[in-house]
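Read through the structure below, which is laid out as structure tokens, and then see the notes.
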Amino acid sequence: MKSSRQLIIAIDGPAGSGKSTVGKLLAQQLNYLYVDTGAMYRAAAWKALQLGVALDDGPALTRLAQRMQLQLKCDPRNFQIAVDGTDVTSAIRSAEVSDASSKVSVVADLRKELVAQQQRLGKGGGVVMEGRDIGTVVFPDADIKIFLDASPEARGARRHEQDAEGSGNPQETIQAVRHRDSRDASRRASPMVAAADAVHLDTTHLTVDEVVQRILELVKQKLADPKGVASTR
Ligand code: DC
């Protein structure tokens, strides 16, 4: 799809809802940047674990986030992230970092730092950005906002197949994902919540391709009628 207008597309939702898979394919189709903001929280958590910073020490975690140098390669075919010169693209997918990332992400001042970086990355448009608060906090004026969801069983099963968070048995993965989601949704600072104007897509019974096609339809509508409210409901 070719267009001179460069949209900001926000995709939010819980772990295993399909955000990364869908976001990468969408960005490829549109020739957009792809920004996985969860990877930034994971990188901060990785660094805290490396340095032995307590995961409940808000001021120390904030200082760490302000000092660390994050480098992102926002290529949807080959997304990479480095912290202070070390490539952590794979290391941040461990079960330990997954849990730690959800803990550090409750710290409001740490979030402020990462949100500012995310806003700088996306401000030019032509970007698919995924996370928990993109449509609510990072880009409340995003052109398209999607909230992806799926049943806890489907999400746990996907995580089990996808990454190291699922290295245990499937039931343990479902439990870990549920635990992380409830922490992400109940925290005070920018809890995971759908923006009032987000389009909800339940991916439990949809293929990845079907989800991508639905979002591409919204992109088409938006490009044809920038003022129109895109909705599949
Ligand atoms: O998307 P993910 O599972 O890789 O995210 C890891 C953690 O980071 C997640 O448990 C919550 C946090 N996160 C967040 O608070 N805000 C975001 N925009 C993205 C992720």
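All of the numbers you see were taken from the coordinates with simple rules; none came from a lab. Model, not experiment: these values are computed from the prediction. Don't worry about glycine lacking a Cβ; one is built from the backbone with ideal geometry, like all the others, and counts go over all protein chains shown.
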- Item | Antiparallel bridge percentage (DSSP; both residues within the chain; nearest 5) | 25
- Task: Taking 7 Å along the Cα-to-C-beta vector as the label spot, tell me the Arg183-Gln50 distance in nanometres, rounded to one decimal.
- Result: 2.1
- Task: Might you report the magnitude of the Cβ-based charge dipole of the chain about its Cα centre, with Lys and Arg at +1 and Asp and Glu at -1, to the nearest 20 debye?
- Result: 560
- Query: Which lysines have a Cα less than 26 Å from the Cα of Lys145, not counting those fewer than 8 places away in the same chain?
  - Reply: Lys2, Lys19, Lys24, Lys73, Lys103, Lys112, Lys123, Lys220, Lys222, Lys227
- Karplus-derived 3J(HN,Hα) from phi for the range 37-47 (6.51 cos²θ - 1.76 cosθ + 1.60, θ = phi - 60°), whole Hz, x at Gly and Pro, runs 6, x, 5, 6, 5, 5, 5, 5, 5, 4, 5
- Task: Could you pull the Rg and Dmax for the chain, using just the Cα atoms, both in Å?
- Result: 16.9, 52
- Message: Show me the ranking of peptides 180-191, 11-22, 132-143, 44-55 by mean Cβ neighbours inside 10 Å, starting with the highest.
- Response: 11-22, 132-143, 44-55, 180-191
- By its C-alpha gyration tensor, with a ≥ b ≥ c as the square roots of the eigenvalues, how is the range 133-226 shaped: rounded for a/c under 1.5, else prolate for a/b larger than b/c, else oblate? oblate
- Computed FRET value (nearest 0.05) for Arg77 with Val208, which takes r as the C-beta separation and R₀ as 25 Å: 0.95
- Sites His200 and Gln66, calculated FRET efficiency, Cβ-Cβ separation with R0 22 Å, nearest 0.05: 0.05
